[in-house]
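So the structure is just underneath, and the comments pick up after that.
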Amino acid sequence: MSASAAKILLVEDNPDDEELTLRALRHHQMAENVVVARDGVEALDILLSKDTDVNTLPNVVLLDLNLPRVNGHEVLKAMRADERTRSLPVVVLTSSNEESDVQRSYNSGANSYIRKPVDYRQFVDAVETIGNYWLRLNQGPIH
Amino acid sequence: MSAVEKKVANKPPLIRRFYFQLVISGAFVVAIAILLFTWKVGSEQLAYALESNQMQAQALVRNTASVAGNHLVTKDFGALEELLLQAATFPDVMSLSIMNSSGAIFASVQRNNDDTIEPVFNVQSMVLPDSVEEQVLVLQNTMEFWRPIEEGSLGWVKLQYSLDSASKIQREVWINGITTALFAFVVSVLILVVLLKKPMRAIGHATEFARGLYKNTGKVMPFEKSAFEIEQLEHALNYASHQIYSSNKDLTDIKLALDAHAIVGITDEYGKLTYVNDKFCDLTGYQRHELLGNKYSILSSGQNDDDFYNTLWQTISMGNIWHGEIENRRKNGSSYWIETTIVPFVNKQGEPYQYVGIQTDITERKQATHELKEYQEHLEEKVEERTHKLQIANSELESFCYSVSHDLRAPLRSIDGFSQALLEDYSANLDEQACNYLNRVCASSQRMGELIDDLLKLSKVVRSDMRASNVNLSLLATRVFEQLTEREPERKVDFSCASKCMVSGDERLLLAMFENLIGNAWKFTARTENARIEFGVEQEEQGGVYFVRDNGAGFDEKYKHKMFEPFQRLHSNEDYEGSGIGLATVQRIVRRHGGEVWAESATNNGATIYFTLGEQA
């Protein structure tokens, strides 16, 4: 799978963060196949709808925790409960660095936990690292 | 009062009668003895007198017979008469006669009542004895002697001899004896009266004294002089009196002490009160006469069930001591609590005849216990309530902090991010001033991000649970120092550390504390030559005062009271960076360990932060 074909699902309710994340991804030419969900319900619709199959699933989910309606933890739990998304890589990308959030995320099956830095330069670096790792270096699960 | 007591108390002393009897009987015995002696002597004297009279009379009659024989042969009757007159001069001779062999009287003399002797002419003849033997006939007051002359061939001599003298002797003996006996009786009475007077008085006193022993006054009876006979009795009585008094005094003293301390009530075997002390009356509110004779159950509160009283009665009626707490009721109806010990007193058959109850008023204690219990229950509620409120507050704080960390950072990221975006994408359209401003916006938002993070750390210190374990402070300090050295390997800082400072505490919090303390020391020695950081301990025996000392910039002592307030900074940000949250965090960590923290310094002379950690492991 080529990098350009690789798909990202960004679950982010804050439009600023969405824009900044997309900008950072664009900066590294990874923004073409980004799908944005603005809350947990939308994210689950995309991931767990009836016509979803392994071929339409993204390569990685960037998941914010603090979301309207259904929060990130619940999204993660629902994903891990479904056969299709059980092994889908999920990177939690959030403002929180609460221990409880970190622990809960890993317990629910998150593959990575990254705190969004306030410093945009650091944020861009972080997004680049995520993209490079999960879309280029990482070998995803075989379907 | 028992019959014995009545006898002792009411009967008059018998000692006078006894005294009288003793004297009279003593004197009587003496008199009897004398009379017995008199009787014996009298009898002996009489026998002796009779014997000597008989012998005298016999000699007289024999001589007269012998001489009269000669006169008869010669038929000299004048001489015969003369002989008789002469012979009759013997006292006690009443009459003397000479008869022929046929009994006809030749001559006869007799004594008259006036004691003169004269011949008697009597023609009548006498009846002679049958045999020719000498005859002695004892008659009343007289003896008759018959003597044959020449074997009766010439005739007989008859002598009538008076026994008056012998009787007189006997009579005199008796008169003397009785007189002596009477005299002896009187003298004996007098002597006994005198001799027995003192002993009897002493016995009288002793009796009186013994009669008074039951009153138990502890008196000692005075010794009667010259009454050695009863000295032992006196000794014995005095000893008994002393013993009774002292043992009774012991009992009285103990009773006094008991009454002074305890509430004492005594009942008979049926539970009727027979004695109550003042305290008993005071406590129950009853007068003594209202209680005595009544059953103890008059005080029953009804709060204890039948089983309770059954057990109690069973215990004490078996002769066993019962101990326990009882709720009773006063006269006015209010209840009181006593701790009581009931001691049964048993008779020889082992059956209780009275019960002595020794009690202590524990009403106040009971009330206090009750109040304390209520208070405790209430306290638990309070604590629960507070805990609940605290939990609510904590969870609110938790969600607040979560919001802060999450929601406040997002706008900052936007500010910084879009400022960066402007700088990157539109720098061509911006002059230098605009770029400078945008850079400042970025720097400020980043700094605010750090502030938020520090604030979160501080609140975490307060919120997080303490996980106590044995912590090696020396190791933590060294680890923090090593981390700093790794981060800035170009700095040369001399570090000295006290070894093996072990405390009980939360390792994570204590690590955060050292990160702040040694981090500060590291920061403020940045411009010091020969920088030195020291971790040490003083006054180890009192639990330990720990310190982190540096030779860096120090601070102005004037502001040291502000040092531990959050966001309080004593150095400009240009000189030394920082949020001003570090020492506030340290203070919270130290306080959570029950310790205190304080600082000492002079500007440019280094700083020392001291801290204690409360109870040490």
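The numbers here are math on the coordinates, done by the rules we state, and not lab data. As the structure is a computational prediction, the values presented were derived from the model and not from experiment. Please note: Cβ atoms are built from the backbone with ideal geometry, for glycine as well, and neighbour counts cover all protein chains shown.
Measuring nothing but how far apart in sequence close Cα pairs (under 8 Å, 6+ apart) lie, relative to its length, the range B:363-463 scores a relative contact order of 32 percent.
In the protein assembly as shown, the convex hull through the Cα atoms has an average projected area of 83.6 nm², a quarter of its surface area. The lysines whose alpha-carbon is closer than 22 Å to the alpha-carbon of B:K40, local same-chain residues fewer than 8 away aside, are B:K168.
Shown here for the range A:52-121: GluC sites (Glu not before Pro) in loop regions (DSSP other than H, G, I, E, B) with at most 10 other Cβ atoms within 10 Å, namely A:E83. Across all Cα pairs in the range B:487-608, the calculated P(r) in 5 Å bins from zero up to the longest distance comes to 2, 10, 20, 26, 21, 14, 6, 1, 0 percent per bin. Relative to the 2.2 N^0.38 Å rule of thumb, the range A:8-137 has a C-alpha radius of gyration ratio of 0.97. Around the amide H of B:A104, modelled in the peptide plane, lie the amide H atoms of B:M126, all under 5 Å away and 5 or more residues distant in sequence or on another chain. If the cut-off is 16 Å between C-alpha atoms, which aspartates and glutamates fall inside it for B:K500, apart from same-chain ones fewer than 8 positions away? Within the straight-line limit of under 16 Å, B:K500 reaches these aspartates and glutamates: B:E534, B:E538, B:E540, B:E541. For the pair B:N332 and B:D268 in one chain, pulling the backbone fully straight at 0.36 nm per residue adds 20.5 nm over the alpha carbon distance. Couplings 3J(HN,Hα) of the range B:544-551, computed from phi: x, 10, 8, 8, 10, 10, 9, 10 Hz, in residue order, whole Hz [Karplus 6.51 cos²θ - 1.76 cosθ + 1.60, θ = phi - 60°; x for Gly and Pro]. Taking all Cα pairs closer than 8 Å and separated by 6 or more residues, the relative contact order of the range B:409-547 comes to 21 percent. Rg/Rh for the range B:192-350 stands at 1.22; both radii use Cα atoms, and Rh follows the Kirkwood definition. Relative protection proxy for B:255-261, B:194-200, from highest mean packing down: B:194-200, B:255-261 (other beta-carbon atoms within 10 angstrom). Given R₀ = 60 Å, FRET efficiency for B:E133-B:F183 by Cβ-Cβ distance, to 0.05? With a Förster radius of 60 Å, E is 0.75. Take each residue in B:446-457, count the other chain C-beta atoms within 10 Å of its C-beta, and the mean is 2.
Neighbouring Cβ atoms from other chains, within 10 Å of the Cβ of residues in B:416-426, number 4 on average. For chain B, the alpha-carbon coordinates run over 235, 62, 40 Å along the three principal axes, in decreasing order.
In terms of Cα to Cα distance under 23 Å, which lysines are near enough to B:K331, apart from those fewer than 8 places away along the same chain? Once the sequence-local lysines are set aside, what remains near B:K331 is B:K272, B:K279, B:K295, B:K366.
In the frame of its principal axes, the range B:363-463 has Cα extents of 94, 15, 15 Å, reported largest first. Residues in the range B:348-365 carry Karplus couplings, in order, of 4, 7, x, 9, x, 10, 7, 10, 9, x, 10, 10, 10, 6, 10, 4, 4, 4 Hz; the curve used is 6.51 cos²θ - 1.76 cosθ + 1.60 with θ = phi - 60°, and Gly or Pro positions show x. Starting from the amide H of B:A599, placed 1.01 Å from N in the peptide plane, find each other amide H under 5 Å away whose residue is 5 or more places distant or on another chain. Sorted by chain and number, the residues that satisfy this are B:Y610. Whole-Hz Karplus values for the range A:95-104 come out as 7, 6, 10, 5, 3, 4, 5, 4, 5, 5 Hz, taken residue by residue from phi with 6.51 cos²θ - 1.76 cosθ + 1.60 and θ = phi - 60°; glycine and proline positions read x. Based on the alpha carbons, how large is the Rg to Rh ratio for the range B:141-210 when Rh follows Kirkwood? With Rh from the inverse mean 1/r over Cα pairs, Rg/Rh is 1.65.
Using C-alpha pairs under 8 Å with a sequence gap of at least 6, the mean separation divided by the residue count of chain B gives a relative contact order of 7 percent.
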